[in-house]
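Everything on this sheet refers to the single structure shown next.
The values are calculated or read from the model by the stated rules, or taken from the named source; none is laboratory data. Every value quoted in this text rests on a predicted model; they were computed, and no experiment measured them. Neighbour counts are summed over all protein chains in view; Cβ atoms, including those assigned to glycine, are modelled from backbone coordinates with ideal geometry.
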Amino acid sequence: MLPVILACALAQQGPIVRDGYGVPHIQASTLTQAFEHAGYAVAQDRLWQMENSRRLARGRMAEVFGPNFFASDREVALTGYTDEELRAQLDLLRPELREVYAAYAKGVNAWIAEANGAGKLPAGYAANGFEPEPWSEVDSVAIAVRMAQLFGSGGGGELRNLAALQYFRTRQPIRGRELDALDDLLPNNDPRAITTVSPEDDPLASNPPKMPSWSRADTEKQLAAMPMPSLLELVPAVRLQAFEETQWAAQETATPYKWGSYAIVVGKERSATGRPWLLSGPQMGHAVPSIVHELSISTPDVKLAGMDVPGVPAVIIGHTDKLAWGLTTGVADLQDVYYFQDLGSDRYRLGDAEREVTKVERKVLVKGEEPRTVVQQRTDWGPVLLHSRGAKVYFARRTSYWKREMESWDAHFDLYKSATSQDVDRFGRRVSVAFNFFYATTHGEIGWRYLGRFPQRKDGYDARLPLPAEAAWQGDLPFEQMPHARNPKSGLIANWNNKPVAWWPNMDTPAWGRLFRNGILVRELTGDKLGPADLERAVWTVARRSQEWDAFAPIVREALAGHPGTQVLLGYDGWRLDGLVAPRLFELMVVELRKQLFESSLGNFLNPEFFNQALQPGLMLDALEGRAKVDYLNGRSASQVVRTAFDAALARWTSDGSGVYVGPSFRAPTGSVPYPERGTYIQIIEVRDRPMGRNVLPPGVAESGPHSDDQSDLARAWLYKAMGYRG
């Protein structure tokens, strides 16, 4: 009876006022009280999604959904934290933030009690034969930690790269030139790559910090000293390292499963209205319900509106009465794989000392089956991804933010009372994971910070490959030496997960090269004065414009001049619009061109998806122009390769049925929404005395009822609604 009384009391306290799109606007006397109401309101909207999210993050999916989800739970058990370690991260938060997490859980539980008593629980509970357990602060921490890891970390591709090298050694055309191929795929620094700010706007351009470097001889020495596992051993470790099963489970259950995101900040001198503008479009996937949620909070001390993730008490992207901000994934290399000699009897060598492999045993419950035991092995530097008994070596992942993910969430709460760039810097110093952070203040300042604990690595070691223990990190790059810009002369900062500044290296991933998707975004923002229509048009164009055509058009037109059947493609203008032949034909041609250039030399290593991801358009163009280290033309001219690819594409186009381009879409309850290359949530804010914004969150703020699909029509028409706090 007590939980029901608590639920009724909370509902009467309010006030939770919902607008015409069902967005909850919360007014309270304190921030703690506000997040108690937020927990109640978000659970009203997304309890089933929250249930899935906490189970995914804690490795408890198979318990209620059956053995199909065991592989996901196993990944969490093999690489993640115990409940006690999650609780320890919670205990490190400042006292007032711990109170917020407790209050949020209290609000969620109030709605669970009310829904249970009134028969309003989501249908998924009855369909799967279980009832919701009480929500706990640890549930929120588990989701927050997973979010930080998924969106706030790059790197970690060392085993994948080692597997690629092993595979290349089986390919006769490039045997002996495997490292040339690796250099083509993963150059440490391509000076042609598009950057977030130009050297003119980079305050560190004339005196950048020293970045790690290595020579070919260093790489060869490193490989020669490394105990080498077999390719068969490496493949499952690569999948574990990439969290393939967890990503699948997340996509199946409408929880965050992918990263991307773009952001634009316009300074007041460049603004058509004389005030800063900020656009932020986090790309976290599209699902029913939406991956994310929206709310606003108003207290005497804090005015706050924007995007939250169900289960986490925070407005992650949005604005206050003094500051607007956005985030994109930074992709900074914050993790490495180290290898250690296996000494037998669960012991390994670290430097001159012997260490014991720690074993963390977890029982994974599986619906309809006996529990399964999963044992995580750990070194002093992190969890073991591969124990090669044949090579007598442990490979373990080390991250700069190990057991420190919640530091970033603690720091995030400082934004709610920030007003100046100095305040933003104080916040940024405490962020442990990698993000591009964009901001604009009501004072007229704009800026960008590249955040995260970036390890300082030793020279002479190839960071793309597993490292020996003697290549231990030497602290973190100081905050002052991380890429940043404040009030740039250009009046513009734009990013789509691209390279931050010219001197920043790729490390082991990604291959920031001469062609990158941010090029389209930047080309759309060339006006002397920019306003909201320009920002809207830029993201509209991103969804429809081919990222490759402008770069490939000259060489394609030259190669296909006079070639039979090319009239349609030679007249292509680069727009990917449904019902047209040219974009479909070019899409097929890019696929065939990739095969023509690389398949005979490199094969489709590991899997076709990775083959397509690794062989970027920039490398394709370099190969056609003879600029790659490996001769992928293999005795042919570029024109011959292009013509062969076109002929194969034309044959596929002739036989594929429709013959016209049909762009991708994402589903909504009332039908699909075209052009998913957009933000999961998009906000556009004018930062005036009181910031005013517009946003869209398809299909809607709720997972059922009238507000589960009332923003899909907005998304289809690329329209936005008003956003903001009340009071």
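Structure summary
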item	result
Selection count, region 174-206, where residues are assigned to a loop (DSSP other than H, G, I, E, B), without any contact (Cβ under 8 Å) to a residue 24 or more places away in the chain and of a type outside the set (Lys, Arg)	2
Of all residues making up region 13-32, the number that are within 31 Å of the chain's Cα centre (by Cα) and either in a strand (DSSP E or B) or farther than 23 Å from Ser708 by Cβ (or both)	6
Count - residues of region 683-696 that are within 11 Å of Met723 (Cα to Cα) and either at pLDDT below 95 or out of contact with any helix residue (DSSP H, G or I) (no Cβ under 7 Å at 6 or more places or on another chain) (or both)	7
Subset of region 426-478 (residues that are part of a strand (DSSP E or B) and surrounded by fewer than 21 Cβ atoms within 10 Å (Cβ to Cβ))	Pro468, Asp476
Evaluation of Ala533 against (1) surrounded by 14 or more Cβ atoms within 10 Å (Cβ to Cβ); (2) not assigned by TED's automatic domain parsing to the domain that holds Arg652 (one fails), failing number	(1)
Residue match in region 39-46 (condition: assigned to a helix (DSSP H, G or I), in contact (Cβ under 8 Å) with a residue 24 or more places away in the chain and within 30 Å of Val375 (Cα to Cα))	no
Residue within region 701-719 that is farther than 28 Å from Ala582 by Cα, of a type in the set (Val, Ile, Thr) and in contact with a strand residue (DSSP E or B) (Cβ under 8 Å, 6 or more places away or on another chain) present	yes
Check on Leu86, free of Cβ contacts under 8 Å to residues at least 60 places away in the same chain, in a helix (DSSP H, G or I), under 23 Å from the mean Cα position of the chain (by Cα) and crowded, with 24+ Cβ neighbours inside 10 Å	yes
Some residue of region 172-186 being in contact with a Pro (Cβ under 9 Å, 6 or more places away or on another chain), closer than 10 Å to Ala502 by Cα and in the same structural domain as Pro510 (by TED's automatic domain parsing)	no
Residue match in region 659-668 (condition: touching a residue at least 40 places away in the same chain (Cβ under 8 Å), in contact with a Lys or Arg (Cβ under 8 Å, 6 or more places away or on another chain) and on the phi > 0 side of the Ramachandran plot)	yes
Helices (runs of 4 or more DSSP H) wholly inside region 616-727 that include at least 2 residues being surrounded by fewer than 15 Cβ atoms within 10 Å (Cβ to Cβ) and not assigned by TED's automatic domain parsing to the domain that holds Ala511	638-655
Members of region 515-541 that are acidic (Asp, Glu) and either within 20 Å of the chain's Cα centre (by Cα) or at pLDDT 95 or above (or both)	Asp528, Asp534, Glu536
For Gln49: the one exception among (1) touching a helix residue (DSSP H, G or I) at 6+ places or on another chain (Cβ under 8 Å); (2) crowded, with 22+ Cβ neighbours inside 10 Å; (3) modelled with pLDDT of 95 or more	(1)
Failed item in (1) touching a helix residue (DSSP H, G or I) at 6+ places or on another chain (Cβ under 9 Å); (2) surrounded by fewer than 20 Cβ atoms within 10 Å (Cβ to Cβ); (3) part of a helix (DSSP H, G or I); (4) touching a residue at least 24 places away in the same chain (Cβ under 8 Å), with Leu415 passing the rest	(2)
Members of region 197-230 that are surrounded by 14 or more Cβ atoms within 10 Å (Cβ to Cβ) and within 17 Å of Asp508 (Cα to Cα)	Met211, Pro212, Ser213, Trp214, Asp218, Thr219, Gln222, Leu223
Residue satisfying condition, being assigned to a helix (DSSP H, G or I) and crowded, with 24+ Cβ neighbours inside 10 Å, within set Arg74, Arg55	Arg55
Sole residue being out of contact with any Phe, Trp or Tyr (no Cβ under 9 Å at 6 or more places or on another chain) and assigned to a helix (DSSP H, G or I), chosen from Glu558, Glu599, Glu587, Glu536	Glu558
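So that you can scan it fast, the table gives a plain yes or no per residue for (1) of a type in the set (S, T, N, Q); (2) at pLDDT 95 or above:
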position	(1), (2)
Gly117	no, yes
Tyr125	no, yes
Phe130	no, yes
Ser140	yes, yes
Gly156	no, no
Ala163	no, no
Gln172	yes, no
Arg192	no, no
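One line per residue, one yes/no per condition, for (1) within 22 Å of Leu415 (Cβ to Cβ); (2) in a loop (DSSP other than H, G, I, E, B); (3) of a type in the set (S, T, N, Q):
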residue: Leu97; (1), (2), (3): yes, no, no
residue: Ala102; (1), (2), (3): yes, no, no
residue: Lys106; (1), (2), (3): no, no, no
residue: Asn116; (1), (2), (3): no, no, yes
residue: Glu133; (1), (2), (3): no, yes, no
residue: Val141; (1), (2), (3): yes, no, no
